[in-house]
Every structure is written in C-alpha cells, then in structure tokens.
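Undergrad: Mind looking over this structure? Questions follow.
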Amino acid sequence: MQLFDVYPVNDITIEKALGSNVWDDKGVKYLDLYGGHAVISIGHTHPHYVKRLTDQLHKVGFYSNSIHIPLQKQLAEKLGKISGKEDYQLFLCNSGAEANENALKLASFHNGKKKVIAFRKSFHGRTSLAVAVTDNPKIVAPVNETDNVIFLPWEDETALQTAFEENEVSSVIIEGIQGVGGIRVASFSFLQKIRVLCDKYNAVFIADSVQCGYGRSGRFFSHDYADVNADIYTMAKGMGNGFPIGGIIIAPHIQASYGLLGTTFGGNHLACAAALAVLEVIEKDNLIENAAEVGAYLIEELKKFPQILEVRGRGLMIGIELPESLAHVKKELLFKHKIFTGEAKPNVIRLLPSLALTREHADEFLAAFKKELENN
C-alpha cells in the first residue's frame, strides 16, 4: 500500500526536536519558525510536557465520555483562568475543523437559523461545514456546497450591515488574524461591529482561534484586543503542542442538553494531560508575554527592510509580504539557512514559531533573512 499523495513535501526527514530546533536524519540542525503549522506552542519535547504524557500513559490512556474524567474538569478550570473566560463552558474534540464544525452546528441549534456569514480569504477547516465557510472553491467538494453561507469582503462594515438586514443570520465566523489568508488582522472596529450586530439580530459570534489563539498573538485570544467577547471560541493547534486536541468554549447563555454534541476521542485522558501541560508551561514561563515581546521585536526589525512590501500580524503570528521577484526566499531560508517558515501563497512568508522563541533565535532568523535579501 502507498500513501494517498495529497501533500507536497520537502525532502527532509526530522528525527529529533527540542525547543525551537529540529534535527534531520543526517544530523543537520534547523531553526523551526513554522511550529508544524502553529502547533508547537511551548517548544518541542518540553520536559514537563513529556513527563505529563508519560505519567498519564502509565495510568490510563483512554476511556470514553461515558465515565467521569477529572482531567477534563481540571483543564476547563485552568483554561478559564488563563483565558479570562471563567464563566464559559468547555466542549472538547480533536481538531480545528471539528471545533469549527461543532461551533457552527451549536449556533444553529441555539437560534434555529441557517445562514452563516464568513469572509473572503478565510480558512476554517476541511470537514463539511468548516470547508463550506472556507473561501477556497478548490477544496470544497460538490457534496459540501450550500447556499447557507454568505461570503463578505474582509473589513467591509457596510456589506456586513446589509447582510444582517437581508438574511436570517445564525452566526458570523471570523479569524481574529487570518492565517492561510496571509496574516490579515481584523480591526477593532470590525470585530466590535460584528458583536453589535450579533446582539441586535440574535446571531452567534464565533471567534475562530484555531491558529491565532492560545497566546500566539500576545493575548490569549487575538479577538481580545478589540475588547469584545465572542459567544463561541474555537481552539486546536497550539492546544496540545502536537497531541491532537481541539475544543470550543461556549458563553453561559448557550444551553447544553444530552446528546446535543458528542465525540469518541475528544477529551480523552492523554489529550487532557497534554493540554494541561501546555497551559501549565504557558503560565509558569509567561509565554504569552514572551510572544508579545519577541513578536513586537521581530515586527519592528522586519519593517526596516525596504524590500518587504508589508509586515502584518501580532505577537508570534507574523506575515512578511514580498514582491513576486523574491517569492523564492522562503525556499532559500530552508535549504541554505536551515530555517523552517510557513507561507501564504503566492509570496507571503508566515512565522508561526513556539511561543517560547528567544530573542537570540529571532536574531538568527533576521540575520539569515537580511543576507538572503541582500543576495537578490
């Protein structure tokens, strides 16, 4: 049997990882500013994380949600404390797509309406509803097509107002910072407008925080910068530092009932141990503050390069838009300088490193980036 060939891959095999570095099967060391797509939030193989998972595996790795799992309650309490959403409710699942899927479904259950507002260049996942609200027709199968989704231009308050006036809107789903869309930051006024309209028309505000949440922006949720509370926040990537886990936190006015949502693997013992370890390290090592500080330093330094068209982002979620003539720089960073970065096509480099990234590692990247720009 062969693998189903859907991933274009670099000819690199990673065999070891620690902190913000990884090593390939030839012993070559790389700086990881990609974090496996914003997943590695506290650094690779953090000793507290490894111990937490190992200790739990020696006790029980899995049982279903048909019994009490105290780790789930511990996770909810810790998450509420660190995120500042202590009066919210937690539902655990396995991935970001599943989190968004459940959020959209729950919103429709709550208000009995069907229409969803999403935005151009959005990415919310690949499952049925999640891909239907993703602005990429190439990954929407015919079976996923629906007329219940209204795509609006990014940051167009007039179009947003009109969509509410002309439709029975169930929910609005928005990334506080678009990831796949090229690190586009939602303005405070736009997020506040969504909140006002959702309140007025009994719609649910869904804050997709799968990539831009969990401290990456320098706040726990990037939407927090706008001083608004969403009704549902979706989470996944950085939540388990590589262990598959996702979740939604749900405002208190949205009621639960038996059978409303469900999952086999969501909230299992190992997943909760991983997620608790992540929050414990974030809290102990002040990683949200570090993300804000090191991210601000990187953004300030990057803005000094005249070759860059625009630098966007907050914290350690940074987009570097280059002219088309420099679109090859990402590849050169990887193969010449041994630095992993992400991309948003056609020519935006995405930085999504561990929240524990040091100033020294930031300078290592800046020196390599400067050298590459000067050579072109």
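The values are calculated or read from the model by the stated rules, or taken from the named source; none is laboratory data. All of these numbers come straight from a predicted model, not from anything done at the bench. Glycine also receives a Cβ, built like all others from the backbone with ideal geometry; neighbour counts cover every protein chain displayed. These area figures cover heavy atoms from the full protein model, side chains too; ligands, DNA and RNA do not enter into them. Shrake-Rupley method; radii C 1.70, N 1.55, O 1.52, S 1.80 Å.
Undergrad: When you scan the stretch 124-140, do you find a residue that is in a strand (DSSP E or B), surrounded by fewer than 19 Cβ atoms within 10 Å (Cβ to Cβ), over 20 Å from the mean Cα position of the chain (by Cα) and at pLDDT 95 or above, even just one?
TA: no
Undergrad: For the stretch 165-208, which positions are without any contact (Cβ under 8 Å) to a residue 60 or more places away in the chain and either under 24 Å from Tyr34 (Cβ atoms) or part of a strand (DSSP E or B) (or both)?
TA: Val169, Val172, Ile174, Glu175, Gly176, Gln178, Ala186, Phe205, Ala207
Undergrad: Select the strands (runs of 3 or more DSSP E) contained entirely in the stretch 273-372, then report the ones holding at least 1 residues which are surrounded by 14 or more Cβ atoms within 10 Å (Cβ to Cβ) and of a type in the set (Gly, Ala, Ser).
TA: On the way: elements: 310-314, 317-321, 342-344, 348-351.
Output list reads 310-314, 317-321, 342-344.
Undergrad: Out of all the residues in the stretch 23-32, is one or more in contact with a helix residue (DSSP H, G or I) (Cβ under 7 Å, 6 or more places away or on another chain), in contact (Cβ under 8 Å) with a residue 24 or more places away in the chain and open to solvent by 40 Å² or more (accessible area, probe 1.4 Å)?
TA: Checked the stretch 23-32: no residue is in contact with a helix residue (DSSP H, G or I) (Cβ under 7 Å, 6 or more places away or on another chain), in contact (Cβ under 8 Å) with a residue 24 or more places away in the chain and open to solvent by 40 Å² or more (accessible area, probe 1.4 Å).
Undergrad: While we're here: Within the stretch 175-190, track down each residue that is hydrophobic (A, V, I, L, M, F, W, C) and crowded, with 24+ Cβ neighbours inside 10 Å.
TA: Scanning the stretch 175-190 gives Ile177, Ile183.
Undergrad: Would you check if there is a residue in the stretch 155-171 being touching a Phe, Trp or Tyr at 6+ places or on another chain (Cβ under 6 Å), open to solvent by 30 Å² or more (accessible area, probe 1.4 Å) and not hydrophobic (A, V, I, L, M, F, W, C)?
TA: Yes, because at least one residue in the stretch 155-171 is touching a Phe, Trp or Tyr at 6+ places or on another chain (Cβ under 6 Å), open to solvent by 30 Å² or more (accessible area, probe 1.4 Å) and not hydrophobic (A, V, I, L, M, F, W, C).
Undergrad: Still on this model: Could you grab the pairs with beta carbons closer than 6 Å, sequence gap of 6+ or different chains, first residue in the stretch 153-164 and within 14 Å of Ser122 (Cβ to Cβ), second one in a helix (DSSP H, G or I)?
TA: Pro153/Ala159; Glu155/Phe190
Undergrad: Report yes if Gly218 is in contact with a strand residue (DSSP E or B) (Cβ under 6 Å, 6 or more places away or on another chain), without any contact (Cβ under 8 Å) to a residue 60 or more places away in the chain and not in a helix (DSSP H, G or I), otherwise no.
TA: The answer is no for Gly218.
Undergrad: If a residue must be under 13 Å from the mean Cα position of the chain (by Cα) and surrounded by fewer than 22 Cβ atoms within 10 Å (Cβ to Cβ), how many such residues does the stretch 221-243 contain?
TA: Counting residues in the stretch 221-243 that are under 13 Å from the mean Cα position of the chain (by Cα) and surrounded by fewer than 22 Cβ atoms within 10 Å (Cβ to Cβ) gives 1.
Undergrad: A further question follows. What pairs can you find where one residue is in the stretch 96-116 and in contact (Cβ under 8 Å) with a residue 24 or more places away in the chain, the other is in a helix (DSSP H, G or I) and open to solvent by less than 10 Å² (accessible area, probe 1.4 Å), and their Cβ atoms are less than 6 Å apart, with a gap of 6+ or different chains?
TA: Short answer, once both residue conditions are applied: Ala97/Ala130; Asn100/Ala130; Glu101/Ala130.
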